[in-house]
Amino acid sequence: MKTRAAVFWGPGRPFTVEDIDLAEPGPLDVVVRMAAVGICGTDLHNVKGEWDRPKPMVLGHEGAGVVEWVGDDVHGLEPGDEVVLSWAPSCHECDDCLAGRPARCVRLNRAIAGGTLVDGTTGMSLGGETLYRGTATGCLAERVVVDWRAALPIGTGVPLRDAALLGCAALTGVGAVLFAARVRHGASVLVIGAGGVGQFVVQASRIAGAAPIVVVDPVDGRREQARALGATHAVAPDELAGTLARVAPTGADYAFDVVGDPETSLLALRSSGSGATVVLVGLPPAGARLDLDPIDLIRRERWLTGTIYGSEDPAVALPILLEHVREGRLELAPLVGPEFALDQINDAIGASLSGVAGRVLVKP
C-alpha cells in the first residue's frame, strides 16, 4: 500500500513529501485517512535537534481522520467512523497499562525512543529503506496504519479539523488539571506558557472553577487568546511578579509549567504558595536538569509532580472531553491556527516555530 507522507530528514534540513510504502495491515489494524494533523511541541523538539531520534522519520501524532479499513479481529470500529489517534493505546499487559496509565508503558517509551511501533517495527519504508515513526504514530501522511486501540471513535458533531486537537494538546492540558492536579474549586492557578497545551490548561482550570487564573506568556496573541478562554489575568513575563502580588500574594495554589524548561519549572515553584501543587507538563530538551532546594519543598509542604498525556487512559479521558465539548464548556475551534496542505509542510513547521497563536494544522 502506498501513501504520501512528509519525511523529516534531520535538523536544519527541509521536509520532503514522498510516496512511501505502508506494510499491509494485519487483523488487529485499521487504516485511517487523515483529515487534520496538529504540529505539537514534541514534533518541534525533533525539528530543533533537541531530541535524537532515528531518521528519516514521519512525524505527527496529534490527528483525526476517517477509518477506511478494519482488520478481521477489530471490534467496535467500522469503515466510515471518525476517530482521533492516540499515541498511547493500552497494551493491557504491563503494570502501568493495567493501572490505567498507558503513556508510562515501558514498551511504548522504548518504541518512541527507537522511532517504532510498540512491536518494534515501523510498517513504513521509502525506496526499500526503513522510515521511522514519530511518537509511535507518524501521521503526517495521507493514510496511516495503526493498531485499532490507537483509533478512538468520536461519534458525530465535532469537525475533524477541530477534533485533531483532542489527540494530544487537549488530552494533555485538560488532563493535567482535572486528572493529575485535580484542581479544586476557588483555587488560584498559574499557567506558564500559553501555547496549544497551555490554552487547554486554562480552559480546564475554568471548568474546575479556579479563580484567579493567571497566564504568563511573551506572545501578545497567545495572551489575548488565553483571556478569551477563561484566564482572569494574562501577562508578559516582566509583569508576572506584580500581578501575583496583587491577586495571589502568598503564591498560587496550583502552578503548571507548560513550557518544559528548567527556568520555567523553577519559576512555577517560586510562584507557588505553601501547600501548593506544581505540575510539570511541558517536555524539556534532552539532558535538561532541574536544580532544586529540597528544604524549600519540605518546609512549605509543596508537591512537585509531572504528568504525561493527562495522567489518564486516553480511551477513558476522551469521552469526558467530548462531553465538555458538546456542552460548550471546552472550546476547540478558537484554538485552531493556520492551516496548511501536506505539500506546505515546511511552511507549517515554520509557522509553528514562530509561536503563532493557535495550533498549526496540516490537512493531508
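Residues are listed down the side, and each one gets a yes or a no for (1) in contact with a helix residue (DSSP H, G or I) (Cβ under 7 Å, 6 or more places away or on another chain); (2) surrounded by 16 or more Cβ atoms within 10 Å (Cβ to Cβ); (3) in the same structural domain as D43 (by TED's automatic domain parsing):
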{"residue": "Y254", "(1), (2), (3)": "yes, yes, no"}
{"residue": "S272", "(1), (2), (3)": "no, yes, no"}
{"residue": "A276", "(1), (2), (3)": "no, yes, no"}
{"residue": "V279", "(1), (2), (3)": "yes, yes, no"}
{"residue": "P285", "(1), (2), (3)": "yes, no, no"}
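Can A333 be described as surrounded by fewer than 22 Cβ atoms within 10 Å (Cβ to Cβ), touching a helix residue (DSSP H, G or I) at 6+ places or on another chain (Cβ under 8 Å), at pLDDT below 95 and not β-branched (V, I, T)? Judged against the criteria, A333 is not a match. Within the span defined as the range 28-39, one or more residues are in contact (Cβ under 8 Å) with a residue 12 or more places away in the chain, more than 13 Å from L140 (Cβ to Cβ), among the acidic types (D, E) and surrounded by 20 or more Cβ atoms within 10 Å (Cβ to Cβ). Applying the set (1) touching a Phe, Trp or Tyr at 6+ places or on another chain (Cβ under 8 Å); (2) within 21 Å of A357 (Cβ to Cβ) to A268 leaves exactly one unmet item: (2).
Residues in the range 70-101 that are in contact with a Pro (Cβ under 6 Å, 6 or more places away or on another chain) and buried (at least 16 other Cβ atoms within 10 Å of the Cβ) were compared, and the one that is nearest to P27 (Cα to Cα) is G71. Being under 26 Å from V158 (Cα atoms), surrounded by 13 or more Cβ atoms within 10 Å (Cβ to Cβ), of a type in the set (A, V, I, L, M) and in contact (Cβ under 8 Å) with a residue 40 or more places away in the chain is a property that holds for L318.
The listed residues are A194, A150, A187, and the only one of them that is crowded, with 20+ Cβ neighbours inside 10 Å and either of a type in the set (K, R) or in the same structural domain as S352 (by TED's automatic domain parsing) (or both) turns out to be A150. Just one of (1) in a strand (DSSP E or B); (2) at pLDDT below 95 fails for V83. It is (2).
Within the range 90-99, identify whether any single residue is over 23 Å from P319 (Cα atoms), touching a residue at least 40 places away in the same chain (Cβ under 8 Å), assigned by TED's automatic domain parsing to the domain that holds I154 and among the charged types (D, E, K, R), and answer yes or no. No, the range 90-99 has no match at all. Does D147 count as under 15 Å from the mean Cα position of the chain (by Cα), at pLDDT 95 or above and charged (D, E, K, R)? Against the criterion (under 15 Å from the mean Cα position of the chain (by Cα), at pLDDT 95 or above and charged (D, E, K, R)), D147 does not qualify. Take the conditions out of contact with any helix residue (DSSP H, G or I) (no Cβ under 6 Å at 6 or more places or on another chain), of a type in the set (D, E, K, R), in contact (Cβ under 8 Å) with a residue 60 or more places away in the chain and in a helix (DSSP H, G or I) and apply them to D52. Does it pass? In short, no.
Whether a residue is touching a residue at least 60 places away in the same chain (Cβ under 8 Å) and farther than 24 Å from D96 by Cα was assessed, and P334 passes this test.
The values are calculated or read from the model by the stated rules, or taken from the named source; none is laboratory data. This structure is a prediction, so every number in the text was calculated from the model and none was measured. So basically every Cβ, Gly included, is an ideal-geometry build from the backbone, and we count neighbours across all protein chains shown.
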